[in-house]
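None of the figures in this text is laboratory data; all of them are computed from the coordinates on show. On a predicted model such as this, the values are computed, not experimentally measured, just so you know. Virtual Cβ from ideal backbone geometry, glycine too; neighbours counted across all protein chains shown.
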Amino acid sequence: MTYLYAIILAIIEGITEYLPVSSTGHMIIASSFMKIASDDFTKLFTIVIQLGAILSVVVLYWKRFFQSLDFYYKLLVAFLPAVVLGLLLNDVIDELLESPVTVAITLMIGGFILLKVDDWFKSNEEIDPEHPDAHTKISYLTALKIGFFQCLAMIPGTSRSGASIVGGMTQGLTRKVAAEFSFFLAVPTMFGATAKKLYDYYKAGFELSGEQVNYLIIGNVLAFIVALIAIKSFIDYLSKKGFKVFGYYRIALGIILLIIHFFFYPLSI
C-alpha cells in the first residue's frame, strides 16, 4: 500500500458505494492491478474505508436518520441476517475478497438482473389514489427480507446497495424509498463489518503501523467527501431513469475483466 493507492481506492469507494455496481468489487479490481489484493492490510483497508462513505448518509439525511425508535428497530431487524451469515461465512468471504474472476462473473449476472428490474417492478412507481402510501411503508417483515437480500453482497461484485434496493422493490417499495432504506441500513452494517474486520486483524497477530493508520484516516475522509456528492446524484438519476445504465455498465465491465484476465493480464494475485 502507498498513499497514492490509498487515495485511488478511497475515491473508487466514495463513487461506487451507493451505486448498484459493487464498491468492494471495484476495489478488488483496482487492488489487483496494483498487485496488493491479497495483502491482509488491503483487505482491512477496503472494508474500513467503507465506513467513511457510509457516514455521509448520516450527514445528508440526519433529520430523517434520527427518527423514532420504531425506525431503528426495523434497521436492527434488517441488519441481523448480515450479522449471522457474516459470522458463519467469514473465512469464505475472505477468500472471495481476492478473486477478480468472481467479481467479473457476479458483475455480469447482476447486470442482466438490473436490465430487467425496472420492468419487473414498474407498478411500484404508480400511485394508487386509494392507497397513496402503499409503496412507501416498510414493515418489520419487509425490513427482514431486505436484510436477507443485502446478504447476497457477501459475494464480491454483487453490490450491497443494489441487492438491498432490489430486495426492497420486491416488497413493493418505490426505487427511491428502497434506495434510501438501503442507505440507512448501510450504517449499522458497515459499523459491524468494520469492527469485526479490525478484531480479526488484531486477533491474527497484526498491528497497525503509524503509516497504515494514516492510510485509513485519508481513505475514510476521502471516501466520505466523494460519497456526499455521489449519493445525491444517484438518487436523482435513479428516480428519473432507473437501473438500466448500471446494468449495461456491469455487463461491459465484467466482460472486459474476463478478457483481460484470460488473454492479457492474470488478475488473481
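Numerical summary
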read-out: Contour excess over end-to-end distance, with Cα ends at SER38 and LYS196 and 0.36 nm allotted per residue; value: 55.0 nm
read-out: 0 to 90° range, to nearest 10: angle between helix 175-203 axis and the chain longest Cα axis; value: 30 degrees
read-out: Within segment 174-193, backbone nitrogen closer than 18 Å to the virtual label 7 Å beyond the Cα of TRP120 toward Cβ; value: 174-180, 182
read-out: Label-point separation in nm, ILE109 to LYS63, each point 7 Å along Cα→Cβ; value: 4.2 nm
read-out: Rounded to the nearest 20 debye, dipole of the chain from Cβ charges on Lys, Arg, Asp, Glu; value: 400 debye
read-out: HN-Hα J in Hz across segment 154-162 - Karplus 6.51, -1.76, 1.60, θ = phi - 60°, x for Gly and Pro; value: 5, 8, x, x, 6, 5, 4, 5, x
read-out: Positive-end extreme of charge dipole, the chain - chosen from ILE225, THR24, GLY52 (charges on Cβ); value: ILE225
read-out: Debye log10 I(q)/I(0) at q = 0.12 Å⁻¹ for segment 3-264, Cα point scatterers; value: -0.69
read-out: Relative packing of 168-174, 210-216, which averages over residues the other C-beta atoms within 10 Å, highest first; value: 168-174, 210-216
